[in-house]
1. With θ set to phi - 60°, apply the Karplus curve 6.51 cos²θ - 1.76 cosθ + 1.60 along the range 67-77 and write out the HN-Hα couplings as whole Hz, x wherever there is a Gly or Pro.
2. Starting from 0 in steps of 5 Å, tell me what percent of the Cα-Cα pairs of the chain lands in each bin.
3. Give the longest segment of the chain that steers clear of GluC sites (Glu not before Pro) in DSSP loops with at most 12 neighbouring Cβ atoms within 10 Å, not counting the sites themselves.
4. What distance in nm separates the two pseudo spin-label positions at SER84 and GLU105, each 7 Å out from Cα along the beta-carbon direction?
5. At 1.4 Å probe size, with every protein chain present, just tell me what the per residue accessible area of the chain comes to in Å².
6. Taking only C-alpha pairs under 8 Å that are 6+ residues apart, what is the relative contact order of the chain in percent?
7. Quick one: Cα centre-to-centre distance for the range 73-92 and the range 23-51, in angstrom?
8. Residues of the range 40-62 with the amide nitrogen closer than 19 Å to a label point 7 Å from the Cα of HIS22, along Cα-to-Cβ, please.
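The values are calculated or read from the model by the stated rules, or taken from the named source; none is laboratory data. All of these numbers come straight from a predicted model, not from anything done at the bench. Glycine also receives a Cβ, built like all others from the backbone with ideal geometry; neighbour counts cover every protein chain displayed. These accessible areas exclude ligands, DNA and RNA; they are computed on the full protein's heavy atoms, side chains included. Shrake-Rupley method; radii C 1.70, N 1.55, O 1.52, S 1.80 Å.
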Amino acid sequence: MADESEVSENYRFSKRPAFRPHAAANEIYITRQKNLIVYFNRAQELFDSGESEVVIHGLGAAIEPAIRLANLIKQRSLGKYTLSVNTNTVPLIDDYEPLQPDVEEKAQVRYNSAVHIRIRKP
């Protein structure tokens, strides 16, 4: 991408939402906007309704809350639940929308870390 002054004069910057497949009933996607207790209550509802497994997903800044949530669930279960953790890198796309008609549209790929924590009830 060109220098910052060209970007601010010629383009509007926007981030596309990260791709995520349709969430299964037992999956929880963590964001930084909600309080951790909301996610904890959702996980408890899933386990109470008969789910034997809950999967927690965290991307970027939501990795730390996802890990805290998984540890909280395990702690509250008195260590009965087991955790399985996987990490990966997710491509994210940033769009540069032209503000002037003679400027070409641009996109940039960047990468962010993600965590996926599978919590199993015995």
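1. In residue order, the calculated couplings are 5, 4, 4, 4, 5, 5, 4, 5, 4, 5, 8 Hz.
2. Values per bin, smallest distances first: 2, 10, 18, 18, 13, 10, 8, 7, 6, 4, 3, 1, 0.
3. 1-103
4. 4.1 nm
5. 65 Å²
6. Here the relative contact order equals 34 percent.
7. Here the answer is 13 Å between Cα centres.
8. Only 55 fall inside the zone, counting backbone N under 19 Å.
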